[in-house]
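Undergrad: The structure under discussion is supplied below as structure tokens; questions concerning it will follow.
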Amino acid sequence: MTTQPETPSTPLSPREMARAFTPALTELVEDPLYSEVWADPALSPRDRSIATVAAVVALYRPEELPAQLRRAVDNGVTRAELGALITQIAFYAGFPAAISASAIAARTLPD
């Protein structure tokens with residue numbers, strides 16, 4: 001009988017999954033992106049999350065979206081605000097990208 005590996009309760013972020021293959025890239029995300037850019041007081045973490053989710057939806061990056069949605073909620077963005085944001089982006093990035101993002105958000109942020 002084979003045993004299944006334990007799965008984490010929160011899925012690994014794309015950055016964590018890529019760490020073994022591209023450690024230098026992961027280091028760049030950690031420093032300077034998170035250590036300097038996200039720490040810059042010119043924008044709040046909440047505002048940075050809104051901008052980042054908008055960009056990830058518009059660029060159709062489904063692998064990155066769940067981690068950014070969770071980060072946005074952690075930074076104070078509500079599910080309702082994320083829904084409104086995705087709807088807004090539909091008019092600029094296209095309805096297919098927004099529909100896909102909505103489905104990902106529904107799976108990532110259940111009621």
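The values are calculated or read from the model by the stated rules, or taken from the named source; none is laboratory data. Here the structure is a predicted model, which is why all the values come from computation and not from measurement. Neighbour counts run over all protein chains shown; Cβ positions are idealised from the backbone, glycine included. The accessibility values were calculated without ligands, DNA or RNA, using every heavy atom of the protein model including side chains. Shrake-Rupley method; radii C 1.70, N 1.55, O 1.52, S 1.80 Å.
Undergrad: Could you please state, rounded to a whole Å, how far the C-alpha centre of the range 22-65 is from the C-alpha centre of the range 75-105?
TA: Centre-to-centre distance over Cα atoms comes out at 17 Å.
Undergrad: Can you send over the solvent-accessible area of residue 69, 1.4 Å probe, protein chains only, in Å² to the nearest 10?
TA: 0 Å²
Undergrad: Next question. Can you give the net charge of the other residues whose Cβ lies under 11 Å from the Cβ of residue 72, counting K and R as +1 and D and E as -1? Numbers along the way, then the final one.
TA: Working: positive: 46, 48, 70, 71, 79; negative: 47, 74, 81.
Counting the neighbours of residue 72, the net charge comes to +2.
Undergrad: Turning to a different aspect of this structure: Would you compute, from DSSP H runs of 4+ residues alone, the mean residue ellipticity of the chain at 222 nm, taking -39500 (n - 2.57) per run and dividing by the full residue count, rounded to the nearest 500?
TA: On the way: 6 runs with 64 residues, N = 111.
So the helix-based figure for the chain works out to -17500 deg cm²/dmol.
Undergrad: Pick from 80, 97, 72: which is most flexible by mean-square fluctuation in a GNM of the chain where alpha carbon atoms under 10 Å apart are linked?
TA: Of the options given, 80 has the highest mean-square fluctuation.
Undergrad: Using 0.36 nm per residue, how much length does the chain from residue 25 to residue 42 gain when fully extended, once their Cα-Cα distance is taken away? Don't jump to the answer; show the numbers that get you there.
TA: Numbers: separation 17, 0.36 × 17 = 6.12 nm, distance 2.52 nm.
Stretched out fully, the residue 25 to residue 42 stretch lengthens by 3.6 nm.
Undergrad: Same structure, new question: Quote the accessible area belonging to residue 15 in square angstrom, nearest 10, computed with a 1.4 Å probe and with ligands, DNA and RNA left uncounted.
TA: Rounded to the nearest 10, the figure is 60 Å².
Undergrad: Okay, next question. Once fully extended, how much extra length lies between residue 17 and residue 60, figured as 0.36 nm per residue of separation less the alpha-carbon to alpha-carbon distance? It would help to have the intermediate numbers written out before the result.
TA: Working: separation 43, 0.36 × 43 = 15.48 nm, distance 1.89 nm.
Net length gain for the segment: 13.6 nm.
Undergrad: Pick out the long, greasy-scoring helices in the chain: whole DSSP H runs spanning 15 Å or more along their own axis by Cα, mean Kyte-Doolittle at least -0.5.
TA: On the way: long enough: 45-58 (19 Å, 0.62); 79-93 (20 Å, 0.85); 95-108 (19 Å, 1.01).
Long hydrophobic helices here: 45-58, 79-93, 95-108.
Undergrad: Could you sort 56, 37 by their accessible area in this structure, using a 1.4 Å probe and putting the largest first? Show your work: numbers first, answer last.
TA: Values: 56 20, 37 70 Å².
Result, largest first: 37, 56.
Undergrad: Over the chain, average the accessible area per residue using a 1.4 Å probe and give it in Å², no decimals.
TA: Working: 7490 Å² over 111 residues.
Computed with neighbouring chains in place, this is 68 Å² per residue.
Undergrad: Name the residue, out of 93, 20, 101, whose mean-square fluctuation peaks in a Gaussian network model built on the chain with Cα pairs under 10 Å.
TA: Comparing 93, 20, 101 in a Gaussian network model of the chain, the most mobile one is 20.
Undergrad: Further question: Quick one: pull the percent of accessible area on the chain belonging to carbon and sulfur, 1.4 Å probe, ligands and nucleic acids left out.
TA: 62 percent
Undergrad: Relative contact order of the chain: what whole-number percent is it, with Cα pairs under 8 angstrom and at least 6 residues apart? Don't skip to the answer; put the middle values down first.
TA: On the way: 80 pairs, mean separation 27.4, N = 111.
Relative contact order of the chain: 25 percent.
Undergrad: What is the Å³ per residue value for the convex hull set by the Cα atoms of the range 43-110?
TA: Numbers: hull volume 4.7 nm³, N = 68.
Cα-based convex hull of the range 43-110, divided per residue, equals 68 Å³.
Undergrad: With labels modelled as points extended 7 Å from the Cα through the Cβ direction, what inter-label distance (nm, one decimal) is found for residue 100 paired with residue 84?
TA: The modelled label-to-label distance comes out at 2.6 nm.
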